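Engineer: Supplied in structure tokens, the structure appears directly below.
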Amino acid sequence: MDIPISFDNTVGIVIIAMLIGLFVWMHHRRPRMEASVEAEKELGFAYEWVATPLSKAKKALLDRFPELTDVVGAETHDGLTLVRFGLFNMTKEIVTKDQFKHPIEIRFPADTMILSARFGEALKMERKSTAEPVVNESLVLIPAESMNPRSTLIYNLILRGNAAPDSIIGEIEGKGHIERVH
């Protein structure tokens, strides 16, 4: 039995065949993704800090500084800055306090008055130490503490004057010098 094929059906079949051919051609001509396997870059031990003038601080931030009223009291709030300083263990290993070759030091300009430096909170770990940062004029020494992999320790600083640190140094055995988060 012969199936009658009209001219319209033939043109439709040719157009469909051309479209299929075009799609196949485009599929083979598309740019190929090169399979490049880079070694996973080992992240290290890092820090970050955020300074907020007290006059611009929102309630959520103020709630993280319960010592604020004790420290500042009736003093003028002009020039006060709240600083959240975070230490990040971005490695896949525990960092013990014995691995600190050089403790974390935050040095501020000489005209900066450090009114308070206290532990704020720990993320992805339970803090075992009760040691607080030590303030020595314009220098804050962060106590060496063990940290779980991918964990964070946050410290609260209350400053009067320039809130930008002049330098932040510290070194962890096997991880090198502490660097700012990029």
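Engineer: What does the C-alpha gyration tensor say about the overall shape of segment 87-128? Classify as rounded when a/c is under 1.5, otherwise prolate if a/b is larger than b/c, or oblate.
Structural biologist: Prolate shape, in that a/c is at least 1.5 and a/b is the bigger ratio.
Engineer: Excluding GLN99 itself, what net charge comes from residues whose Cβ is under 14 Å from its Cβ, given Lys and Arg +1 and Asp and Glu -1?
Structural biologist: Neighbour charge sum, excluding GLN99 itself: -2.
Engineer: Shifting gears a bit: In whole Å, how far is the Cα centre of segment 43-58 from that of segment 129-182?
Structural biologist: Answer, in whole Å: 12.
Engineer: If you don't mind, another one. Please name which of ASN136, ASN9, PRO31 has its Cα lying farthest along the dipole of the chain towards the positive end, using unit charges on Cβ (Lys, Arg +1; Asp, Glu -1) and the Cα centre as origin.
Structural biologist: ASN9
Engineer: May I ask what percent, to the nearest 5, of DSSP beta bridges between residues of the chain are antiparallel?
Structural biologist: 95
Engineer: Same structure, new question: Provide the per-residue ³J(HN,Hα) series for segment 170-179, in order, calculated from phi with Karplus coefficients 6.51, -1.76, 1.60 and θ = phi - 60°, each as a whole number of Hz, with x at glycine and proline positions.
Structural biologist: Each residue of segment 170-179 in turn: x, 9, 10, 4, x, 10, x, 6, 6, 10 Hz.
Engineer: Sum -39500 (n - 2.57) across every DSSP H segment of at least 4 residues in the chain, then divide by the residue count to get the 222 nm mean residue ellipticity, nearest 500.
Structural biologist: Per the formula, -5500 deg cm²/dmol.
Engineer: Using only alpha carbons, build the gyration tensor for segment 128-180 and give me the equivalent ellipsoid semi-axes, biggest first, whole Å.
Structural biologist: After diagonalising the Cα gyration tensor, the semi-axes are 22, 15, 11 Å.
Engineer: So, one more: For the chain, what is the charge dipole size about the Cα centre, in debye to the nearest 20, if Lys and Arg each add +1 at the Cβ and Asp and Glu each add -1 at the Cβ?
Structural biologist: Value, rounded to 20: 260 debye.
Engineer: Report the local net charge at THR52: Lys and Arg +1, Asp and Glu -1, summed over other residues whose C-beta lies under 10 Å from its C-beta.
Structural biologist: Numbers: positive: LYS56, LYS58, ARG84; negative: none.
After counting each charged neighbour, the total is +3.
Engineer: Moving on. Return the label of the correct value of Rg/Rh (Cα atoms, Kirkwood Rh), as calculated from the structure shown, out of [x] 1.13; [y] 1.10; [z] 1.46.
Structural biologist: Answer label, from the structure shown: [z].
Engineer: Which longest uninterrupted range of the chain lacks any trypsin sites (Lys or Arg not before Pro) assigned by DSSP to a loop state (not H, G, I, E or B) and surrounded by at most 10 other Cβ atoms within 10 Å?
Structural biologist: 129-182
Each value in this text was obtained by applying a stated rule to the coordinates, not by laboratory testing. Just so it is clear, the structure is predicted and the values come from calculations on it, not from any experiment. No Cβ is skipped: glycine too gets one built from the backbone with ideal geometry, and neighbour counts run over all protein chains shown.
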